[in-house]
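S.K.: Dropping a structure here in C-alpha cells format, bear with me for questions.
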Amino acid sequence: MMSDRTRPLRLAGVDIGTLTCRLLIADIPTNGRLTELRSDRRILRLGEGVDQTGQLSVAAMDRVIQCLQEWRELIDASHVDAMAAVATSAVRDAANRDEFLDRVKHEAGFEVELISGAEEARRTMLGIRSGLPHGVTDVLALDIGGGSTEFMLDQSGQKSVVRSIDIGVVRLCERLLYHDPPTDDEVHQAREWVARETTAAVAGMGHYQAATFVGTAGTITSLAAMAQKLTTYEPARIHNYRLQLTTIQELEQTLLSRKKADRTGLPGLEKGREEVIAAGAIIIRTIMETLGVSAVLVSDLGLREGVVIDQVTRTRSLKQRS
C-alpha cells in the first residue's frame with residue numbers, strides 16, 4: 001500500500017483573471033511533473049468596465065461566482081489534499097474587491113488570495129519553468145493578461161527581475177480601441193502606449209537580450225493556434241511552439257481588417273476572444289518589435305500551474321508536521 005509520503009499529492013488551483021478564469025486539478029508525485037486530471041478555462045470578463053468605473057460590476061461578479069460554484073463541486077468530488085485560488089489585476093484595481101472576495105467565500109467556498117503583480121509573476125514563472133524544453137535556462141517571460149502585462153527575467157544564479165505594466169487586452173480595448181474594427185489612429189495610439197511602457201519596463205532590467213523569449217496566457221496561445229489553423233485547441237501543438245514575429249504581424253493585420261463578428265470562426269480563435277484578440281496582437285507585436293525579438297516560444301503553462309506547484313512545498317511541510 002502506498003504511504004502518505006510516497007503517494008502523489010492531489011491539488012487544485014484556480015486563477016481568477018481579468019478576462020479568463022482557469023481551473024487545474026492535478027496529481028504531483030514526490031519527484032516528477034504534475035499530471036493533469038481535470039482542467040477548465042472560461043472567458044468571463046471579470047474586469048469588464050473596471051478601468052472606467054473602478055468597480056467590479058454585479059453581472060461580472062455573478063458570472064465568475066457561478067463558475068466557481070461549479071468548480072467547487074468538481075474539486076470536492078476529486079478529493080484533493082489542498083486547493084488554492086488567486087485573484088489578479090481586476091480585483092487588485094477594484095474598489096469593491098472586498099465585497100467580491102467575501103461573496104466568493106460565502107457563495108462558492110473559496111478563500112481567495114489577492115496576489116501582487118510580483119507574486120503573480122513568481123508563480124507564473126513556476127508554471128512556465130515546469131514545462132520548458134531541455135536546454136532552456138535563462139528566460140525572459142511575457143504574460144499578457146486582461147488588465148496588466150508582466151515581464152519576468154529569470155536567469156540562473158541571479159535574482160529574478162519582474163516588471164508589470166498596466167496594459168492588458170481588456171484595458172487596451174476599453175481605453176483606446178473604441179471602433180469596430182479599430183481606426184488607424186487608435187491602433188497608432190495603442191502602439192505608442194505599449195512601446196513607451198515596454199521601453200520603461202525593461203530599462204535597467206539586465207541582460208535580457210541573451211535570454212529565451214517565452215510567452216504565456218491566452219493571447220499568445222490563441223495566436224499560436226491561429227498560426228497552425230487548429231480547428232480545436234491542442235495543448236501538445238501549442239506548447240513550445242515557436243511563433244514568429246512575421247506570423248504575428250500577418251495575423252494582426254487579418255484581425256484588424258475585420259469586425260469582431262467577422263472574426264468568429266477564424267481557425268484557432270477561441271470562442272469569446274473575438275473582441276480582445278486584436279488588442280492582444282497589437283500588444284505582443286509591439287513588445288517584440290520594441291525588444292528586437294523575432295520569435296516567441298509559446299508556453300501553455302502559466303499562473304494556473306504555478307498556483308498548483310506553489311502548493312506542493314507548503315502542503316508537504318504541513319503533512320510532515322502533522
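S.K.: Could you give every pair whose Cβ atoms fall below 7 Å, whose first residue belongs to the range 65-83 and is under 10 Å from PHE110 (Cβ atoms), and whose second residue is assigned to a loop (DSSP other than H, G, I, E, B) and among the small types (Gly, Ala, Ser), counting only separations of at least 6 or pairs across chains?
M.R.: ARG72/GLY109
S.K.: Shifting gears a bit: So for the range 253-268 (the condition being open to solvent by 40 Å² or more (accessible area, probe 1.4 Å), in contact with a strand residue (DSSP E or B) (Cβ under 9 Å, 6 or more places away or on another chain) and not hydroxyl-bearing (Ser, Thr, Tyr)), does at least one residue qualify?
M.R.: no
S.K.: For residues that are of a type in the set (Val, Ile, Thr), open to solvent by 10 Å² or more (accessible area, probe 1.4 Å) and either in a helix (DSSP H, G or I) or under 24 Å from ASP62 (Cα atoms) (or both), tally how many sit in the range 95-144.
M.R.: The qualifying residues number 1.
S.K.: So, one more: Could you please find all residues in the range 263-274 being touching a residue at least 24 places away in the same chain (Cβ under 8 Å) and more than 17 Å from the chain's Cα centre (by Cα)?
M.R.: LEU266, PRO267, GLY268, listed by residue number.
S.K.: Quick check on this structure: which one of ILE238, ILE287, ILE277 is open to solvent by less than 70 Å² (accessible area, probe 1.4 Å) and either touching a Lys or Arg at 6+ places or on another chain (Cβ under 8 Å) or free of Cβ contacts under 8 Å to residues at least 60 places away in the same chain (or both)?
M.R.: Exactly one of ILE238, ILE287, ILE277 is open to solvent by less than 70 Å² (accessible area, probe 1.4 Å) and either touching a Lys or Arg at 6+ places or on another chain (Cβ under 8 Å) or free of Cβ contacts under 8 Å to residues at least 60 places away in the same chain (or both), namely ILE277.
S.K.: Right, another one. Just checking, which of SER148, SER160 is touching a residue at least 12 places away in the same chain (Cβ under 8 Å), touching an Asp or Glu at 6+ places or on another chain (Cβ under 6 Å) and open to solvent by 40 Å² or more (accessible area, probe 1.4 Å)?
M.R.: Checking each option against the conditions leaves just SER160.
S.K.: Suppose the filter is over 17 Å from LEU303 (Cβ atoms), surrounded by 17 or more Cβ atoms within 10 Å (Cβ to Cβ) and not β-branched (Val, Ile, Thr); does ASP27 pass it?
M.R.: Yes: the conditions hold for ASP27.
S.K.: Counting only residues that are closer than 15 Å to GLY145 by Cβ and at pLDDT 95 or above, which one in the range 174-197 is surrounded by the fewest Cβ atoms within 10 Å (Cβ to Cβ)?
M.R.: Among those that are closer than 15 Å to GLY145 by Cβ and at pLDDT 95 or above, it is GLU197.
The values are calculated or read from the model by the stated rules, or taken from the named source; none is laboratory data. Since this is a predicted model, take the numbers as computed values, not measurements. In this analysis, Cβ positions are derived from the backbone assuming ideal geometry, glycine residues included, and neighbour counts consider all displayed protein chains. We work out accessible area using only protein heavy atoms, side chains counted, and drop any ligands, DNA or RNA first. Shrake-Rupley method; radii C 1.70, N 1.55, O 1.52, S 1.80 Å.
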